[in-house]
Amino acid sequence: MNMSMLLDMAAEGFGDRVVIGRTDDGLTAARLRELAAGGARSIRDAEADALVYLAVNGPALPAALFAAARAGVPLVPVNYRLGDAQLDALLANHPRALGIADPAHGAALRRAGLPVRSPAEWLAQAAEHADALGGADDGQAVPEAPAVLIYTSGTTAAPKGVVLRHHNLVSYVLGTVEFAAADPDEAALVSVPPYHIAAVSNVLTNLYAGRRALTLEQFTPDGWLDVVREQRITHAMVVPTMLARIMDTDGLDRSVPSLRTLAYGGARMPVRVVETALRAWPHVDFVNAYGLTETSSTITVLGPQEHRTAVASEDPAVRARLGSAGLPVPGVELEVRDVSGVVVAPGETGQIWVRGGQVSGEYAGGGSAVDERGFFHTRDRGRLDRDGYLHLEGRADDTIIRGAENIAPAEIEDVLLGHPDVLDAVVVGVPDEEWGQRIEAVVVLRDGVSVDPEVLRAEVRGTLRGSKTPERITRWPELPRTPTGKLIRRDIVRALTAGDRTGAGA
């Protein structure tokens, strides 16, 4: 199957149901299929070999995604927050593309010599072609064709173009969603930018389920809550920093009577934040989803009952699952290996490898990165507990090597985040002549409070041990993160090496 067939099933199964946007002016499944056919005609007329999307999320994104699928070319959603030099470098990889860009970013496409349409112009042209076609549509991509090319965030290295083929994305949808399972009143709110894999996967999964999907272009805690209430959102997805701001901002009306399910992912969630949210919204099912661009989105899930069981349990091992990424989704296999490639025992930390139909592990210009057994190295570190729950311990590239000891920042960050006045924390390795790297931490505290750094250092020393205690803890007003919540550690190391940004202790 290819992605177009998913849209065909939706259009024929519940064609009159609004699946994109607000109920009063949104797109039905049938109209989305017509716009996909019309958009494919635009792509063919331009003789384009890709469709570049350089705009905020909105109805133009799903229309572009399925139009590219009908035309047999990949959609390339590009990060509109990149600087001119980075944008120019990425766009140079697509000299024959057709571009969709909002007015603020159209100049980058024009510099690259690409034809450009605004999202409104794209939708209008797709509608014009759709009406002229009168429902005729002969476009279909083969399952092996590239469907989407997403550039990685580049938080630890230069961005790489991840190739996701139709069969990867369809495998993910069929393995995780039941067709037409959503009730007619269900609505999903997606708060991630279009160049994130979750934006693409949510288009597909919500459509296949028959659930209306809306996007939030600009996140604020009160704005998110207002949309949830006004649009009677039943399902929502946030990144950890968003949920933290919703829970930690004073004076908010946090009532969300319509909300049934809240999924979170994209970065590590502090246990304190999810415990607070579970108490605030006891009627909501919480889901922690862990995945990568290279795996077509989610590969493990910690489900609602597991959240509730962990919070209620007195067993430390069960409570620890609240900080886990859960169990593999159907069709996905996980292995944790040591540096020599040997699978380690439960409880031992190693490097996470994954295999399954949804796993691409393929990079534009770089070919496949899977091994001879079909496993992809996620470059994340973690461990599986005795019951198979995955506990993440950060990126392999983030590991601090102090002397001969490998230290995972995540376990130190967890201790710091356990302090009631610490809202955010990061631990990094800074170059050191004696040890190779020394451990430093940066924390974000609640407004109006002050915490002695020695108190925090003592908590780490008492919980872990002296060799894992940060030599310095600095307070910053905020930490540099991507829009999806990932820490930009190289910027933190650079700032600490040059001198801390505030000159203040915790």
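The values are calculated or read from the model by the stated rules, or taken from the named source; none is laboratory data. Just so it is clear, the model here is predicted, and its values are computed rather than measured. Note that we place each Cβ from the backbone using ideal geometry, even for glycine, and neighbour counts take in every protein chain shown.
Listed values, structure above:
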{"item": "Considering residues of region 346-361 that are within 18 Å of the chain's Cα centre (by Cα) and not β-branched (Val, Ile, Thr) only, the residue modelled with the lowest pLDDT", "result": "Gly361"}
{"item": "Pairs, first assigned by TED's automatic domain parsing to the domain that holds Ala36 in region 65-94, second aromatic (Phe, Trp, Tyr) and part of a loop (DSSP other than H, G, I, E, B), C-beta under 7 Å, six or more apart", "result": "Pro77/Tyr195; Val78/Tyr195; Asn79/Tyr195"}
{"item": "Residue match in region 436-449 (condition: touching a Lys or Arg at 6+ places or on another chain (Cβ under 8 Å), surrounded by 14 or more Cβ atoms within 10 Å (Cβ to Cβ) and not in a strand (DSSP E or B))", "result": "no"}
{"item": "Checking Met269 against (1) buried (at least 22 other Cβ atoms within 10 Å of the Cβ); (2) modelled with pLDDT under 95; (3) in a strand (DSSP E or B); (4) not small (Gly, Ala, Ser), the condition it does not meet", "result": "(3)"}
{"item": "Residue ranges of strands (runs of 3 or more DSSP E) in region 313-412 with at least 2 members closer than 15 Å to Tyr290 by Cβ", "result": "333-337, 350-355, 376-384, 390-395"}
{"item": "Complete set of residues in region 492-506 that are modelled with pLDDT under 90, part of a helix (DSSP H, G or I) and within 22 Å of Ala244 (Cα to Cα)", "result": "none"}
{"item": "Scan of region 369-404 for residues that are out of contact with any strand residue (DSSP E or B) (no Cβ under 9 Å at 6 or more places or on another chain) and within 18 Å of Val344 (Cβ to Cβ), ordered by number", "result": "Arg386"}
{"item": "Residue in region 272-312 that is farthest from Gly394 (Cα to Cα), counting only those that are among the β-branched types (Val, Ile, Thr) and part of a strand (DSSP E or B)", "result": "Val287"}
{"item": "Residues of region 312-330 that turn out to be modelled with pLDDT of 90 or more and among the β-branched types (Val, Ile, Thr), as a count", "result": "1"}
{"item": "Selected residue (only one of His283, His235 is crowded, with 18+ Cβ neighbours inside 10 Å, free of Cβ contacts under 8 Å to residues at least 60 places away in the same chain and not aliphatic (A, V, I, L, M))", "result": "His235"}
{"item": "Lone unmet requirement of (1) within 20 Å of Lys160 (Cβ to Cβ); (2) surrounded by fewer than 20 Cβ atoms within 10 Å (Cβ to Cβ); (3) over 18 Å from the mean Cα position of the chain (by Cα); (4) without any contact (Cβ under 8 Å) to a residue 60 or more places away in the chain for Arg379", "result": "(3)"}
